[in-house]
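Engineer: Got a structure for you, written out below as structure tokens; questions coming shortly.
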Amino acid sequence: CLCNWGFFEIVNHGLPYDLLDNVEKMTKEHYKKSMEQKFNDMLKSKGLENLEREVEDVDWESTFYLRHLPQSNLHDIPDMSDEYRTAMKDFAKRLENLAEDLLDLLCENLGLEKGYLKKVFHGTKGPTFGTKVSNYPSCPKPEMIKGLRAHTDAGGIILLFQDDKVSGLQLLKDGDWIDVPPLNHSIVINLGDQLEVITNGKYKSVMHRVVTQEEGNRMSIASFYNPGSDAEIAPASSLAGKESEYPSFVFDDYMKLYAGVKFQPKEP
Ligand code: OGA
Ligand code: NI
């Protein structure tokens, strides 16, 4: 159950398979055309071409970010074809709707009134919604460096569309790293720190990471449906009982703190 995994995977989500196929194909083409050279330059400038010892302060990933809410930056991103932009816009809108449906399903599971989470996330400016487009190129010595070091996600609900063939994502469950292998056309969902706080720990924000592979370039697209910057986050009173185990704060203040501690061990 969600309460002990913090992750689940959806197959009948309603996003058209041809849209997903297109997004994956264009993301891989975009990497080759516009990102690969930059990634290789980064390896060179950081002295990572030979990987003679374990590297713990860099991730073996190539990324760029799209923002959708409160305001889209899709037209400010250089080097995207019109076709790719249009597909990403459609993809993001559908994931935004899916995220909002999922928040209401969480409310139902938690015994919170419908719309409760959406309202908390709204603050005064509406939710923030963005997409991180990642490629994890094949790596000659996977044991020396992670694709993305272990972390929890700071925000609300995360919707991940991952490569249909190349694996790499792992989640931490009872002290073991468990693979989340590719499942074509599925969307992997996990919950961020804000939902752990609001549910007073009923749902957990689980540690996860990406390992590198010697064979194959992995693509992944993570979309983060987060509270607005001034949203007030606190355990829901019906879930908090007498004592809540979590503090209350403004989302933006949390994010400022998170930036400095992302890759450190999870703290209460
Ligand atoms: C992240 C993340 C996983 C992946 O960006 O926070 O966990 O598979 N990504 O790219
Ligand atoms: Ni993450």
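The values are calculated or read from the model by the stated rules, or taken from the named source; none is laboratory data. Note that the structure is predicted; figures quoted are calculated from it, not measured. Methodologically, a virtual Cβ is constructed for each residue, glycine included, from the backbone with ideal geometry; neighbour enumeration extends over all protein chains shown.
Engineer: Take Lys204 and tell me if it is more than 18 Å from the chain's Cα centre (by Cα), basic (Lys, Arg) and in a loop (DSSP other than H, G, I, E, B). Before the answer, list the steps.
Structural biologist: On the way: more than 18 Å from the chain's Cα centre (by Cα): no; basic (Lys, Arg): yes; in a loop (DSSP other than H, G, I, E, B): yes.
No.
Engineer: A further question on this structure: Taking region 168-206 as the region of interest, how many residues are farther than 24 Å from Glu232 by Cα, within 16 Å of ligand 2 (Cβ to nearest atom) and among the hydrophobic types (A, V, I, L, M, F, W, C)?
Structural biologist: Residues in region 168-206 being farther than 24 Å from Glu232 by Cα, within 16 Å of ligand 2 (Cβ to nearest atom) and among the hydrophobic types (A, V, I, L, M, F, W, C): 8 in total.
Engineer: Could you check region 129-150 and list, in sequence order, the residues that are closer than 28 Å to Lys89 by Cβ and under 13 Å from the mean Cα position of the chain (by Cα)?
Structural biologist: Across region 129-150, the qualifying residues are Phe129, Gly130, Thr131, Lys132, Val133, Ser134, Leu148.
Engineer: Which numbered condition trips up Lys33, out of (1) in contact with a Lys or Arg (Cβ under 8 Å, 6 or more places away or on another chain); (2) surrounded by fewer than 17 Cβ atoms within 10 Å (Cβ to Cβ)?
Structural biologist: Only one criterion is unmet by Lys33, namely (1).
Engineer: Does Lys89 count as under 30 Å from Gln37 (Cβ atoms) and either free of Cβ contacts under 8 Å to residues at least 24 places away in the same chain or more than 16 Å from ligand 1 (Cβ to nearest atom) (or both)?
Structural biologist: Spelling it out, Lys89 is indeed under 30 Å from Gln37 (Cβ atoms) and either free of Cβ contacts under 8 Å to residues at least 24 places away in the same chain or more than 16 Å from ligand 1 (Cβ to nearest atom) (or both).
Engineer: Which is away from ligand 1 (no atom under 11 Å from the Cβ) and modelled with pLDDT of 95 or more, of Ala236, Ala259? If you could, list the steps in order and put the result at the bottom.
Structural biologist: Working: Ala259 fails: modelled with pLDDT of 95 or more.
Exactly one residue qualifies, and that residue is Ala236.
Engineer: Let me ask another. Report yes if some residue within region 164-172 is part of a helix (DSSP H, G or I) and farther than 24 Å from Phe91 by Cα; otherwise report no.
Structural biologist: no
Engineer: Here are Gly168, Gly155: which of them is more than 27 Å from Lys256 (Cβ to Cβ) and either under 9 Å from the mean Cα position of the chain (by Cα) or surrounded by 20 or more Cβ atoms within 10 Å (Cβ to Cβ) (or both)?
Structural biologist: Gly168
Engineer: At negative phi, out of contact with any strand residue (DSSP E or B) (no Cβ under 9 Å at 6 or more places or on another chain), at pLDDT 95 or above and away from ligand 2 (no atom under 16 Å from the Cβ), is that true of His68? Talk me through it step by step, then tell me what you get.
Structural biologist: On the way: at negative phi: yes; out of contact with any strand residue (DSSP E or B) (no Cβ under 9 Å at 6 or more places or on another chain): no; at pLDDT 95 or above: yes; away from ligand 2 (no atom under 16 Å from the Cβ): yes.
No, not satisfied.
Engineer: Moving to a separate point now. Take region 121-153 and flag every residue that is in contact with a strand residue (DSSP E or B) (Cβ under 8 Å, 6 or more places away or on another chain), assigned to a loop (DSSP other than H, G, I, E, B) and not β-branched (Val, Ile, Thr).
Structural biologist: Those that are in contact with a strand residue (DSSP E or B) (Cβ under 8 Å, 6 or more places away or on another chain), assigned to a loop (DSSP other than H, G, I, E, B) and not β-branched (Val, Ile, Thr): Gly123, Gly126, Pro127, Pro137, Cys139, Asp153.
For every residue, the table says whether it meets (1) within 20 Å of the chain's Cα centre (by Cα); (2) assigned to a helix (DSSP H, G or I).
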{"residue": "Met26", "(1), (2)": "yes, yes"}
{"residue": "Leu43", "(1), (2)": "no, yes"}
{"residue": "Gln71", "(1), (2)": "yes, no"}
{"residue": "Phe91", "(1), (2)": "yes, yes"}
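Engineer: Restricted to region 123-148, and to residues that are of a type in the set (Ser, Thr, Tyr) and over 19 Å from Asp179 (Cα atoms), which residue is farthest from ligand 1 (Cβ to nearest atom)?
Structural biologist: Among those residues, the one meeting the criterion is Thr124.
Engineer: Out of curiosity, is Asp163 at pLDDT 95 or above and more than 12 Å from ligand 2 (Cβ to nearest atom)? Walk me through how you get there before you give the answer.
Structural biologist: Working: at pLDDT 95 or above: yes; more than 12 Å from ligand 2 (Cβ to nearest atom): yes.
Here the answer is yes, as Asp163 does meet what is asked.
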